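Rule-based calculations on the coordinates, nothing more; no lab input. The shown structure was predicted, so the numbers you read here are calculated from the model rather than taken from an experiment. Note: ideal-geometry Cβ built from the backbone for every residue, glycine included; neighbour counts use all protein chains shown.
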């Protein structure tokens, strides 16, 4: 069983919102119709996005860390939004595990959004249906594209490669290795929804090294300061056998 | 959660309608056992009609909650997994049975079909009424479980939610039955009034227990778990937008704590205290208008109660929308 997902590396995300704009651009011009906006050039603009980048700060000034936190549908393995849908418009694809909404079946009751603890679903006020991240299902399943482009728009747009895409059920995939080796974690694991998308934590790459380890004391090729012989004369070390 | 008036009217109106039908059928059962004087078939027919109108009004209200009401028929398909879908089936089932119940009484088709042990005459109305009672209880369960099954919303995720919907629906229905009897000038005012008071007191017990529960728990998840950064000082600086989104509109009520306190005291008075006092007064004064007043005040109180029910619910997604720098 394939479970496609994103792994988002918080260690390298710089919060540039390139994933947000590329997502909006791709999905607003796609087969499913626009992601509509209300008052886009007016006061209090709002609209539908599949992906948002939030910013958090940990610590107390001046010892703070800024976390840019991209947030989209996590494509849960046990999605709580799917069984509550009264029409069957919300479903999880059998072949690749992507959670989708059939916009032709959705009645716009918003019940699925109540059942999602992550707030991943957004209601389209103009088309009156519930929308959510599709993992660019029209891209990733389009066999006419070269394989390198068969990825979600956000992944292709990310300038720091903070977004990795792949099958988390394949233990050798890039995403599985990243989760396994770099401490990937799911959001709100307490609920047991088993989110497929994982996040990689901040990592500090420092090695423990001491000053005296940087300079070799007994370097025989050292020209600058040739060791002076101890007054006691030759030692065992000076004797070549 | 942001209270949706369509859902507030749906749940309160069908609650009254269901309670009224249960009251009618209870009256019939008591009359069958010779504990109450038998009523004319007109009483049951008109009563069923009123119940049906209330359920229909609730159904109409529910359509205002939908983005695509023309596709509402699809909502009957997922009854295996969705309580909302089950409600969509239970509501017309209850309406159909109540309609049949009223029709049977209207045309006087109450000749006993057979007699059990020589004492219990069974007619169409008894059978249809029994099925209707099952459907009504099923509908109460479905309506309440829509909220009580959402495990992320802890304020609702409790058997108390089901108890509240049940008792408050029955209370308001019997209250209306009492008012209806007073209007018709029959002797059932006291009977219905007594049961309305009993149901109201049960509702008081479960609703106050709910309020107590909801003021004493902590959410299972916090911001650290939501973001996955387990730092003792974690603060949101940006939400990803500045103009608001569905997430900031649907899941926040945006009302001040003072207003919510006011609404809470108002509904506690209007749903529980005032109607009970009015019914007792009506009993003492043998008044015909006070039961109607009691019902009216209780129904308005129920609208406030349901409003408060929505504002009580804290959705975990709100963790992601706590502040904006």
Q: Compute the acute angle (0 to 90°) between the alpha-carbon long axis of helix A:18-28 and the principal axis of greatest extent of the alpha-carbon atoms of chain A; round to the nearest 10°.
A: 20
Q) Binning every alpha carbon pair distance of the protein assembly as shown at 10 Å from zero, what are the percents per bin? A) 3, 15, 22, 19, 14, 10, 7, 4, 2, 1, 1, 1, 0, 0
Q. With chain B treated as a Gaussian network of Cα nodes joined by springs under 10 Å, which of B:115, B:274, B:53 yields the largest mean-square fluctuation?
A. B:115
Q) What FRET efficiency do you get for residue B:201 and residue A:145 if R0 is 56 Å and r is their Cβ-Cβ distance, rounded to the nearest 0.05? A) 0.25
Q: Kindly express, to the nearest 10 degrees and within the range 0 to 90, the angle between helix B:189-214's C-alpha long axis and the longest C-alpha principal axis of chain B.
A: 20
Q: Mind running the shape call on the range B:16-87? Use the C-alpha gyration tensor, a ≥ b ≥ c as the square roots of the eigenvalues: rounded below 1.5 for a/c, prolate if a/b tops b/c, oblate otherwise.
A: prolate
(Q) Can you classify the range A:1-156 as rounded, prolate or oblate using the Cα gyration tensor, where a ≥ b ≥ c are the square roots of its eigenvalues, rounded means a/c under 1.5, and otherwise it's prolate if a/b beats b/c and oblate if not? (A) rounded
Q. What does the helix-only formula give at 222 nm for chain A: each DSSP H stretch with n ≥ 4 adding -39500 (n - 2.57), the total divided by the residues, and the result rounded to the nearest 500 deg cm²/dmol?
A. -3500 deg cm²/dmol
**Q.** Average projected area [Cα convex hull, the range A:17-84], square nanometres
**A.** 7.9
Q | Share, in percent, of DSSP beta bridges within the protein assembly as shown that are antiparallel, nearest 5 | A | 90
Q. Pick from B:211, B:120, B:100: which is most flexible by mean-square fluctuation in a GNM of chain B where alpha carbon atoms under 10 Å apart are linked?
A. B:120
Q: Please give the calculated 222 nm ellipticity per residue for chain B, where each DSSP H segment of at least 4 residues contributes -39500 (n - 2.57) and the sum is spread over every residue; nearest 500 deg cm²/dmol?
A: -22000 deg cm²/dmol
Q. Assuming R0 = 45 Å, what is the FRET efficiency of residue B:6 and residue A:185, from their Cβ-Cβ distance, to the nearest 0.05?
A. 0.70
Q.
What does the C-alpha gyration tensor say about the overall shape of the range B:218-325? Classify as rounded when a/c is under 1.5, otherwise prolate if a/b is larger than b/c, or oblate.
A. prolate
Q: Using only atoms on other chains, find how many Cβ atoms lie within 10 Å of each Cβ of peptide A:118-128 and report the average.
A: 5
Q) Given chain B, what whole percent of its Cα pairs are spread farther than 27 Å? A) 49
(Q) Between A:163, A:52, A:203, where does the largest GNM mean-square fluctuation fall for chain A, given springs only between Cα atoms within less than 10 Å? (A) A:203
Q | Tilt relative to chain B, helix B:257-267 - C-alpha long axis, 0 to 90 degrees, to 10 | A | 10
Q.
With both bridge residues required to lie in chain A, what share of the DSSP beta bridges run antiparallel, to the nearest 5%?
A. 90
Q.
Run the numbers for residue A:65 and residue A:21: contour at 0.36 nm per residue of separation, minus the present Cα-Cα distance, in nm.
A. 13.4 nm
